Amino acid sequence: MIGFLGAAWLWVKAAHIIFVIFWMAGLFMLPRFFVYHQESVAGSSEDARWIERETRLIRIILNPSMIIVWLLGLALALNIGAFSQGWFHAKLLFVLALSGYHGWMSGYAKKLARGEQPLADRKLRMLNEVPGAAAAVIVILAVVRPF
Ligand code: HEM
């Protein structure tokens, strides 16, 4: 397929998938961190170490990966004219939901840093299933393109 990306197309697609992996890895790790973090005493040195780990994971891995996935994904979409295709509309919906989950998780990290613990461990562990399920649907939509 020759779009505006030309010979760079497959390289851009490979980079898209590489940063998807980084983004997903971060999304799987963060709620795990929260579960361990919530076991520490507020204000303790362990609490401070978890806050530092979460902040770094969000700043260094999660936020840059999400931005790069979006930029490369939108470039790929323009390149192949995906904006008129059904699978892409459905994929966008799930990717938006995943980005919302990302934002919500970042907000949760801020609450934990303030000493709040809004969710029980069991709920956090259940929420951990969200990115996996969303990723499965997104990959099927992108690869199989059923409609
Ligand atoms: C953030 C917004 C995203 C946009 C705008 C986007 C857009 C796209 C587009 C248009 C393609 C087709 C590229 C082509 O064939 O030239 C593609 C491929 C792909 N995307 Fe995304 N994507 C996004 C996020 C994601 C996420 C979160 C995942 C996985 C969880 C994902 C997984 C894939 C995979 C596996 C392919 C390769 C499909 C194939 O060539 O068979 N994408 N993406």
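The values are calculated or read from the model by the stated rules, or taken from the named source; none is laboratory data. A quick note: this is a predicted structure, and the numbers were derived from the prediction, not measured. FYI the Cβ positions are ideal-geometry reconstructions off the backbone, even for glycines, and counts take in every protein chain you see. The protein model used for the area step is the full one, side chains on, heavy atoms only, and it has no ligands, DNA or RNA in it. Shrake-Rupley method; radii C 1.70, N 1.55, O 1.52, S 1.80 Å.
Tell me the per residue accessible area of the stretch 6-144 using a 1.4 Å probe; a whole number in Å² is fine.
For the stretch 6-144, the solvent-accessible area averages 55 Å² per residue.
In deg cm²/dmol, rounded to 500, what helix-only [θ] at 222 nm does the chain give when every DSSP H run of at least 4 residues adds -39500 (n - 2.57) and the total is split over its residues?
The helix-only estimate for the chain comes to -25500 deg cm²/dmol at 222 nm.
Using the charge dipole of the stretch 1-80 (Lys, Arg: +1 at Cβ; Asp, Glu: -1 at Cβ; taken about the Cα centre), state which of 8, 35, 61 has its Cα farthest towards the positive end.
Comparing the listed Cα positions along the dipole, 8 ranks first.
Just to confirm the number: angle between the C-alpha axis of helix 86-113 and the first principal axis of the chain, 0 to 90 degrees, nearest 10?
Taking the Cα atoms of the chain, the angle to 86-113 is about 20 degrees.
In debye, nearest 20, what is the charge dipole magnitude of the stretch 6-144 about its Cα centre with +1 on Lys and Arg Cβ and -1 on Asp and Glu Cβ, if you could check?
About 120 debye.
Could you state the angle between the C-alpha long axis of helix 45-56 and the longest principal axis of the C-alpha atoms of the chain, as a value from 0 to 90 degrees rounded to the nearest 10?
10
List the lysines whose Cα lies under 28 Å from the Cα of residue 91, skipping any in the same chain that are fewer than 8 positions away.
Partners found: 13, 123.
At what distance in nm do the modelled label points of residue 52 and residue 70 sit from each other, each positioned 7 Å from its Cα along Cα→Cβ?
Using points 7 Å along Cα→Cβ, the separation is 3.0 nm.
Using a/c under 1.5 as the rounded threshold, could you call the chain rounded, prolate or oblate? The axes a ≥ b ≥ c are square roots of the C-alpha gyration tensor eigenvalues, and prolate needs a/b larger than b/c, oblate otherwise.
Since a/c reaches 1.5 and a/b is larger than b/c, the shape of the chain is classed as prolate.
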